[in-house]
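The values are calculated or read from the model by the stated rules, or taken from the named source; none is laboratory data. This is a predicted model, so every value here is computed, not measured. Because the Cβ atoms are built from the backbone with ideal geometry, glycine has one as well, and the counts that use them run over all protein chains shown. For the accessible areas, the whole protein counts, side chains as well, though only heavy atoms, and no ligand, DNA or RNA atoms are used. Shrake-Rupley method; radii C 1.70, N 1.55, O 1.52, S 1.80 Å.
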Amino acid sequence: MPLKKIKLLLVDDEENFVNTLSERMKMRDVPSKVVYNGEQALEAVKTETPDVMVLDLRMPGIDGMEVLRKVRKTHPQVQIIILTGHGTTLDEEEAKRLGAFHYHKKPIDIDELLGTVKKAYRERIEDAMVAATFAQAGDFEGADDILKENKQK
């Protein structure tokens, strides 16, 4: 799987943390774009839709839960991984209900997070390929159903 092609967006208001995370991903051949708040995250998704987003929950302004809600509604194909240092069990349940791909708590082993990113990317690509196959066969309704199913995950 060509990991250099993953469009990865990292969203966290702790600038040192997210910049270090980005560097560590780059050292593993996974480049990423970094933004520091919810507003920037929503703008980044509009500009260049990522395949996978790693999203903090507690941020000033638009928090991670609201970013999750909005992105799942407007760009359901984006796989969103929550990475938070302050989450609760209720936050985890709500994030999964809203369609988060996975929920991790900080601190996290970089290789564990990278494994989750790879899995999310693989599912994103597989869903797109299945939908494309339906569309090529002329079953646009089936293709749409596949993409909607992905949105419900």
### Query
Where in region 43-123 are there strands (runs of 3 or more DSSP E), lying fully within it, with 3 or more residues that are free of Cβ contacts under 8 Å to residues at least 24 places away in the same chain and surrounded by fewer than 16 Cβ atoms within 10 Å (Cβ to Cβ)?
none
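Do we find that Lys26 is assigned to a helix (DSSP H, G or I), open to solvent by 20 Å² or more (accessible area, probe 1.4 Å) and over 23 Å from Asp109 (Cβ atoms) in this structure? Reasoning before the result, please.
Values: assigned to a helix (DSSP H, G or I): yes; open to solvent by 20 Å² or more (accessible area, probe 1.4 Å): yes; over 23 Å from Asp109 (Cβ atoms): no.
So Lys26 does not fit the description; no.
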